[in-house]
Amino acid sequence: MIAIAAVIAAATAAGIGVHRRFGDGTTALSERILAAMLYVLFPPVVFFNLVDLEFTADIGLGLGLAWVAVITVGLIAHLIATRVLHLDRPQTGTLINAALHPNTGYLGIPVVAATLGTDAIDQAVVYDILVGTPTLLIGVFAMGAAFGTEAGEGLRERARAFVTRNPPLLAAIAGLLAPQALAPDVLVDASRVLLFALLPLGFLALGITLASESPRPRRGDVTIPSSGIRARSPDRGDRRSTAPLATALTLRLIVAPLLLLAVTAPFINLPTAYLILAAMPTGLNGLIVAHAYGLDVPLAGKAIAYGTTIVVMVAVALTLVNG
């Protein structure tokens, strides 16, 4: 877990440093990295892990109950964004996605291994594939198509954008239909190595995005550990602007796991690994979707960075305490 934290901190700091050294031109680099992750690197990870998955009745029940929690937290996010905060469409879509999409793969599986031991990894992988991945490929991309400024006009254009800008979904469908013979162990193992290799790339792009959207630090600024982000000491106007971020963090880190616990308690004994994954911060792919569809990129980046900082600090502390 400490190694994961170090990679996240180093990659984010490197992104911030690259932007400060080379200026606004690095924004295009960030966009190219995110596009490569979306169109080239992520689809094979989805395909080979879904081909290799064996479904059971218990997995299906857990998936159904988890989806109830996912849909509920998305509806709560939409209600708060539109009725309480009165956000514009890109901010609304970003807030919903920040609440919906946990970082179950890049961060969640290592956290489960560090806190519960390697015996719990299988449970974490199943949850990641059956809850985290479908939430991303269906829910998050759909919100991008519905609320983004670059997804076209009207239902037909937005539906087309949902499909054409969502190659991982096509890979998931192919993975569900393909015979297991197409996923030999060597390729499945390679895809999981690629999954971890995506971690520094994603946080490098995140660091560039945060640096490009943030003013230069001034007196009274506070640096958030492990992320390189500098948050200004809030004044009255800043408090109003931080409401969407605070809402996103609360829904993702607190409300989402409590909802999962509530809907599963009457039916199954919820594995601790599932609860940990439900409490993961917003996933890196939310930033990819924000870029692809024209959502609020700064809000997406801050939700990922602040949430990741909180969870990583807690996970590292638990790792050190448990020896």
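The values are calculated or read from the model by the stated rules, or taken from the named source; none is laboratory data. Here the structure is a predicted model, which is why all the values come from computation and not from measurement. Quick reminder, even Gly has a Cβ in these numbers, built from the backbone with ideal geometry, and neighbours come from all protein chains shown. What goes into the accessible areas is simple: the full protein's heavy atoms, side chains included, and nothing from ligands, DNA or RNA. Shrake-Rupley method; radii C 1.70, N 1.55, O 1.52, S 1.80 Å.
Say we look at segment 32-59 and pick out the residues that are at pLDDT below 80 and of a type in the set (D, E, K, R); which of these is surrounded by the most Cβ atoms within 10 Å (Cβ to Cβ)?
Filtering segment 32-59 for residues that are at pLDDT below 80 and of a type in the set (D, E, K, R), the one surrounded by the most Cβ atoms within 10 Å (Cβ to Cβ) comes out as Asp52.
I'd like the residue in segment 265-279 that is surrounded by fewer than 22 Cβ atoms within 10 Å (Cβ to Cβ) and of a type in the set (Val, Ile, Thr) and, out of all such residues, is nearest to Ala303 (Cα to Cα).
Thr272
Only residues that are open to solvent by 20 Å² or more (accessible area, probe 1.4 Å) and either closer than 14 Å to Pro200 by Cβ or in a helix (DSSP H, G or I) (or both): list them for segment 1-18, please.
Those that are open to solvent by 20 Å² or more (accessible area, probe 1.4 Å) and either closer than 14 Å to Pro200 by Cβ or in a helix (DSSP H, G or I) (or both): Ile2, Ala3, Ile4, Ala6, Val7, Ala9, Ala10, Ala13, Ala14, Gly17, Val18.
From the list Ala120, Ala81, Ala98, Ala113, which one is of a type in the set (A, V, I, L, M) and touching a strand residue (DSSP E or B) at 6+ places or on another chain (Cβ under 8 Å)?
So the residue among Ala120, Ala81, Ala98, Ala113 that is of a type in the set (A, V, I, L, M) and touching a strand residue (DSSP E or B) at 6+ places or on another chain (Cβ under 8 Å) is Ala98.
Of all residues in segment 134-151, how many are open to solvent by 10 Å² or more (accessible area, probe 1.4 Å) and closer than 13 Å to Asp88 by Cα?
Looking only at that region, the number is 3.
Hey, any hits in segment 72-86 for a residue that's modelled with pLDDT of 80 or more, in contact with a Lys or Arg (Cβ under 7 Å, 6 or more places away or on another chain) and either under 21 Å from Gly307 (Cβ atoms) or of a type outside the set (Gly, Ala, Ser) (or both)?
The answer is no, given that none of the residues of segment 72-86 is modelled with pLDDT of 80 or more, in contact with a Lys or Arg (Cβ under 7 Å, 6 or more places away or on another chain) and either under 21 Å from Gly307 (Cβ atoms) or of a type outside the set (Gly, Ala, Ser) (or both).
Pick out, from segment 61-150, the helices (runs of 4 or more DSSP H) lying fully within it that include 1 or more residues that are over 15 Å from the mean Cα position of the chain (by Cα) and hydrophobic (A, V, I, L, M, F, W, C).
Because the criterion is at least 1 residues that are over 15 Å from the mean Cα position of the chain (by Cα) and hydrophobic (A, V, I, L, M, F, W, C), the helices (runs of 4 or more DSSP H) in segment 61-150 that meet it are 109-116, 121-127, 141-147.
Could you list, in sequence order, the residues of segment 295-305 that are over 18 Å from Ala81 (Cβ atoms) and open to solvent by 10 Å² or more (accessible area, probe 1.4 Å)?
none
Give me the pairs: first residue in segment 166-188 and closer than 20 Å to Ala142 by Cα and free of Cβ contacts under 8 Å to residues at least 40 places away in the same chain, second residue open to solvent by less than 50 Å² (accessible area, probe 1.4 Å) and part of a helix (DSSP H, G or I), beta-carbon distance under 8 Å, and six or more apart or on different chains, which are they?
Asn166/Leu137; Asn166/Phe141; Leu169/Leu137; Leu169/Phe141
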